[in-house]
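The values are calculated or read from the model by the stated rules, or taken from the named source; none is laboratory data. Note that the structure is a prediction, hence the values are computed from the model and not measured. Quick reminder, even Gly has a Cβ in these numbers, built from the backbone with ideal geometry, and neighbours come from all protein chains shown. When the accessible area is computed, the model is the full protein with side chains, heavy atoms only, and any ligands, DNA or RNA have been set aside. Shrake-Rupley method; radii C 1.70, N 1.55, O 1.52, S 1.80 Å.
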Amino acid sequence: MKRRIFLPAILAMMAALLVAALPGLASAAPVTIDLNNPCVIAASAETTPSQVLARKADYNCTDRRAYVEGLANWAVFQDVDLSHNSNDPWRFRTAYGRERAQNVYAVYADGIILKSPTSRPESRQIFSSADVVFDLPPRASPVTAILVRVEGLQNVRGVAPRAGVDTASGLARKSANYHMFYGLYFGMIGGMLLFNIVLFAAMRHSFQLYYCLFSASILLFAFTWSGGVFLLIPGLDSFGQVRLNNLAIALNMIAAPAFLLNFLEPGAIPRRISRWLMVASCVPLTVTALRTIDVEWQWQLADRIFYCSVILIVCALFALSIYSLRSRSHVVRVVMLGWTMPFIFTIVRALWAMNVVTAHSGLFDLGLFIVLGFESVISALGIGWRLRWMRRERDEAHGREQALTILAETDPLSGLFNRRAFLERAREGEHRKRLILTDIDRFKAINDGFGHDVGDQVIRAVADALVKAAPNNALVGRIGGEEFAVLVEATAPKGLAKTLCKAVARPSLNGGPPVTISAGVSEGMIADEKDWRLLYIAADEALYEAKRGGRNCVRQSFIALAEHA
């Protein structure tokens, strides 16, 4: 029943994420215009928008990445036709990038050029698909062109990538959808993180700790990429945002291998390969640290090293998963089920970051988070399965340990405690005890006259009779060849030793000789080895008195009683 309820709950959760990941589809009318083909021009810092418009002969309209570092770079979106609507003004949006400054200008049909009143910090969207948004000043005249000016740009995708315009109402609907998506996402991953923290606190398995780091890095990545980080650090610039975003990826690249290596069964992956993988997983974090020290130095090379190392780590994790699968790992199937799509998306995102592949869809931005949400659910099931498997292994090991303990403490012929185990248990407790030593009468004659097989049968029969006749809380052991010991509390019935003798006595055993025992009794405390020796010696002397007194009788040591009174 629980499985029938749990699976639909997971599917419903994932369906909600998918619906939330399609912002804008619920809009009644199209409100988005994509501006994908700008012309790019580099100019000095003093160049004005009018001068940029006058230099059409210098435009590069084939490659938006044709910008020059150290200069002000402009993206010119021509042939724009945005009619004025005072009730629903236009907003210009573009993907965020690393730049020192960014301004947007609107060119109107009557030749007027107005700068957007939105500053760069104000343009940053919180919980969006990594967008910045600028207001276009409203005028009765239509907007015919949009100019974007950036300084200190570091973006392999060029100036103002994934640009477009939206109406204010349409952008608000998109934002609501994004907020709903990120709310669900943070709730799911945050809940999984909290669950695993509590689970780690209770069970202390290393892979749980690494999965907590893995989940935390995913949350940090989403928090920085979506712009949610500006809620906590309002003054953070675009370079700081990218640093935190890369830090989240770098931590994820350390946590994922550490989790996998500790999650799989011991020996599933060779130790040497594990060490090299962990060394390689530190490369993205090292690059992030170097970029923090100097954000300008060889930034394109640093980006390539960062994202190529991410791709190599992901490919290594996938290859090791295949390897452990062929090595008959029981739990790696769950890892592969949960991680295959995130692996693919991570590689595609890394290639996108290096501008090897292009994508203009908001769903592409959210796709990684969707598959990571799916991964968190699968991994939670996998962790539960792994813990169940570990518990089974622990129970089996405990069972084997108990079996070995029983073998070490048990006399193999009689099934009673052996001498060492009997003595260890005899010392337990601080109350006064009674020791009854028994010995099979004329046992040597039985062995010599009837053979050792009959002697063994006699020992087993005596042991069985003693156990049945002794109180339930009595300690019964075989402490010598034909010698047995019964330890009870001093408050036990005084005639217990005679009861034991009567329980054993029988005319014959399977046609063999008659079987009787003699018993010696002593009482006292057993706090240490010395006490045991005194008590044993007293009982042993009483036993010999019983032997000399005709056998099949009981003698008690009054000396032991006096000494331990």
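Miscellaneous remarks
- Residue in segment 111-125 that is of a type in the set (D, E, K, R) and on the phi > 0 side of the Ramachandran plot present: no
- Selected residue (only one of 259, 221, 239, 207 is of a type outside the set (Ser, Thr, Tyr), modelled with pLDDT under 90 and within 30 Å of residue 386 (Cα to Cα)): 207
- Extreme residue, nearest to the chain's Cα centre (by Cα), among residues of segment 424-446 that are buried (at least 19 other Cβ atoms within 10 Å of the Cβ) and not charged (D, E, K, R): 426
- Filtered residues of segment 488-501 (kept if charged (D, E, K, R) and in contact (Cβ under 8 Å) with a residue 24 or more places away in the chain): 489, 498
- Contact map, segment 118-131: first residue closer than 15 Å to residue 99 by Cβ, second residue open to solvent by less than 50 Å² (accessible area, probe 1.4 Å) and of a type in the set (Lys, Arg), Cβ cut-off under 6 Å, separation 6 or more or different chains; pairs are 131/93.
- Segment 65-104, residues that are without any contact (Cβ under 8 Å) to a residue 12 or more places away in the chain and either of a type in the set (Asp, Glu) or within 19 Å of residue 151 (Cβ to Cβ) (or both): 70
- Residues of segment 525-549 satisfying the condition of being over 56 Å from the mean Cα position of the chain (by Cα) and outside any helix (DSSP H, G or I): 549
- Residue within segment 347-368 that is aromatic (Phe, Trp, Tyr) and either under 29 Å from residue 212 (Cα atoms) or in a loop (DSSP other than H, G, I, E, B) (or both) present: yes
- Hits in segment 203-212 (condition: of a type outside the set (Ser, Thr, Tyr), open to solvent by 10 Å² or more (accessible area, probe 1.4 Å) and under 8 Å from the mean Cα position of the chain (by Cα)): 209, 212
- From the options 530, 547, residue that is without any contact (Cβ under 8 Å) to a residue 24 or more places away in the chain and on the phi < 0 side of the Ramachandran plot: 530
- Residue within segment 484-497 that is closer than 23 Å to residue 452 by Cα, modelled with pLDDT of 90 or more and of a type outside the set (Ser, Thr, Tyr) present: yes
- For segment 213-235, the set of residues classified as open to solvent by 40 Å² or more (accessible area, probe 1.4 Å) and either touching a Ser or Thr at 6+ places or on another chain (Cβ under 7 Å) or part of a loop (DSSP other than H, G, I, E, B) (or both) consists of 233, 234, 235, listed by residue number.
- The set of residues in segment 129-148 being farther than 19 Å from residue 77 by Cα and open to solvent by less than 10 Å² (accessible area, probe 1.4 Å) consists of 129, 130.
- Test result for residue 396, touching a Gly at 6+ places or on another chain (Cβ under 8 Å), over 30 Å from residue 481 (Cα atoms) and assigned to a helix (DSSP H, G or I): no
- Restricting segment 56-92 to residues that are open to solvent by less than 20 Å² (accessible area, probe 1.4 Å) and under 30 Å from residue 224 (Cα atoms) leaves a set whose member that is nearest to the chain's Cα centre (by Cα) is 92.
- Exactly one residue out of 474, 465, 485 is of a type in the set (A, V, I, L, M), under 23 Å from residue 524 (Cβ atoms) and without any contact (Cβ under 8 Å) to a residue 60 or more places away in the chain, and it is 474.
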